[in-house]
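Take a look at the structure below.
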Amino acid sequence: MPTVADIERRIPRPDDFESQARGTALTARVGSALGIAFLVCFATGLWSHVQYSTPGWLTISPNPTQLYRWTQGLHIISGTAAIPLLLVKLWSVFPRLFIRPPKGKQALVVEGLERLSIAALMGSSLFMLASGTLNIIGWYPWEFSFRRTHEAVAWVAIGSLLVHIAVKLPVIRQALGEPIEPAERHLDPDAPTRRSVLNGAFVASGLAVLLTAGQTVPWLRNVSLFSVRPGDGPQGLPVNRTAAGAGADQTALDPAWRLELTVGDRTLALSRDELLAMPQSTHVLPIACVEGWSRSATWTGVPVRDLVALLGGRPDADVTVRSLQTKGAFGSSRVVGNVVKDPRTMLALQLNGETLDIDHGYPARLIAPNRPGVFQTKWVNRLEVRT
Amino acid sequence: MRAARAGLGAVGVGLALWGLWLMRDFNREQLTSEAFWLAGGVVLHDAVLAPIVVLLGYGASRVLPGHFRSSTATAFLIWGTLTIVFLPVLSGQGGKAGNDTILGRPYVLSWVVMTVVLIAYAVVVALIRRRSGRGRVS
């Protein structure tokens, strides 16, 4: 029977790892870039949660028009950029996993706590990047709610990151102040250097962005061979939920469709022709989705505030928009008064000069500036104006 | 400096605890699944991915001619990390029934092309390195 000591001898020690490219000078540099990516990802992600469930004390302006497109595009871009950086960072410190526990109770507790914080940081970081990239393709091989868990674990990730920075700050400062290559000449001139690994990490990170970001950056569309959204669709715009997927494919085509408008106890029903007979406006507005894809399009329709005025509602009243949708979440949305007031907030009837495609929400859909895609309610059949 | 670090650490602990608080109403099934994914990433990296990379590096440093080592390492770094970034679109999973505006590209073909380009990069840079006489000739 081998003894514990025999087994311990067989487990590698940090010094057994050969690569000269590993080292604090590399770790600190990759780690700094990774930290910046995480902070950007966290801040933009938090903003998206605020956009999804806005606290009562906050009013989100319809301006800047492209704000959500930018923040959410940046969220996915920074998360994507972080993946190669995280993998290289973990590679650079892997030997430290094999540091033996220190002797002495107090040292053991300190070491244990630090390891715990690193386990939390590593587990939550990998969780965030894995769950985020799987959400983009719409694959959910788990039992938890993506949105709520991705948010909760984000706080754990950013919290343990701050703890990690606090613990390592002196080491980071020293490492960043020193040249990246070790002072002594390489014993092995053929071996990869720290500089080459650092450059490789940045190139990989940049390529990961270039090869995916075309789903939100128009001029990258033909470069991004790995983007989840090639960027096309009916009438030149991708679709998240089809009419069939929403269970609205029959009702949307019903000739008896009417837009019901209610203000208090007053109601009005308008046919599509009646809506088309009203003064139309045309605006270029983006669809910007939480999955990080976005695309601008030209929308034509009736400003919501004009519809509200038909029944004498206030021009800055809150409006609840309801849909024919019978399947899936986000079947209705609320438009707050300051967005209703904006003349670009429309009940769109046309997209890029054509009658709205059924998968884009025919007979009518909501479109408003600076608004997450899921709240651009499609197949609208009812507007309820708050009095 | 000491106070700043202590403050940063305290804020960090607070934020992490807030994250745990947000999970307070998750049911057992959700928490189990979440724990599986949280621990799964760590185990997958530390017990599978990292040892494989260490062994490949160990093997490559002994098998490859000297002038090939650096360029092969760089190509492998880029190939390996990008392959992991692209795993979701390469997996064939996800997407939505009847919606061809999502996952509508030949990802596997692009990945094969990417692999070939990176191999070509490793070979070309290695040959240049040999011609310029840098490194050891083996």
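Any read-out appearing in this document is the output of simple, stated calculations on the displayed coordinates, not a laboratory observation. If you're wondering where the values come from, they're calculated on a predicted model, not measured in any experiment. Note: ideal-geometry Cβ built from the backbone for every residue, glycine included; neighbour counts use all protein chains shown.
Here are some notes:
- On full extension, the segment bounded by A:MET278 and A:ARG258 gains 5.7 nm, given 0.36 nm per residue less the C-alpha separation.
- Distance between region A:278-324 and region B:109-133 - C-alpha centres, whole angstrom: 52
- Karplus-derived 3J(HN,Hα), 6.51/-1.76/1.60, for each residue of region B:98-103, Hz, glycine and proline x: x, 10, 9, 8, 10, 6
- Least to most buried among A:HIS150, A:HIS360, A:HIS75 (fewest other Cβ within 10 Å first): A:HIS150, A:HIS75, A:HIS360
- Candidate lysines for bridging to A:LYS327, where Cα separation is under 26 Å - those fewer than 8 sequence places away on the same chain excluded: A:LYS378, B:LYS96
- Scanning chain B for DSSP H helices at least 27 Å long along the axis (C-alpha atoms) with a Kyte-Doolittle mean no lower than -0.5 picks out B:2-21, B:66-90, B:107-131.
- Interchain or long-range residues, amide H under 5 Å from A:THR387's placed H: A:GLY264
- Contact order relative to length of region B:64-138, as percent, for alpha carbon pairs under 8 angstrom and 6 or more apart: 63
- Acute angle (nearest 10 degrees) that the helix A:67-93 long axis makes with the longest principal axis of chain A, alpha-carbon atoms: 20
- Ranking of B:TYR121, B:TYR107, B:TYR58 by count of other Cβ atoms within 10 Å, fewest first: B:TYR58, B:TYR121, B:TYR107
- Exposure proxy shown here: for A:LYS105, A:LYS378, B:LYS96, the number of other Cβ atoms within 10 Å sets the order, fewest to most, as A:LYS105, B:LYS96, A:LYS378.
- Each part reduced to its alpha carbon centroid, region A:1-79 and region B:1-45 end up 13 Å apart.
- Considering only A:VAL321, A:ALA28, A:ALA248, and ranking their Cα positions along the charge dipole of chain A that arises from unit charges at the beta-carbon of Lys, Arg, Asp and Glu, the one farthest toward the positive end is A:ALA28.
- Residues A:SER296 and B:ALA60, FRET efficiency given R0 of 56 Å [Cβ-Cβ distance, rounded to 0.05]: 0.75
- Measuring how big chain A is from its alpha-carbon positions, Rg and Dmax come out at 26.7, 90 Å.
- R0 of 25 Å, Cβ-Cβ distance A:SER53-A:ARG115: FRET efficiency to nearest 0.05: 0.10
- Inter-site label distance for A:LEU108 and B:TRP18 at 7 Å from Cα along Cβ, in nm: 3.6
- A simple rule links phi to the HN-Hα coupling: the Karplus curve 6.51 cos²θ - 1.76 cosθ + 1.60 with θ = phi - 60°, which for region A:242-248 gives 7, 4, 5, x, 8, x, 10 Hz, with x for Gly and Pro.
- Hz values of 3J(HN,Hα) by residue in region A:272-288 - Karplus curve (6.51, -1.76, 1.60), Gly and Pro given as x: 5, 5, 5, 5, 5, 7, 6, x, 9, 10, 10, 9, 8, 9, x, 8, 10
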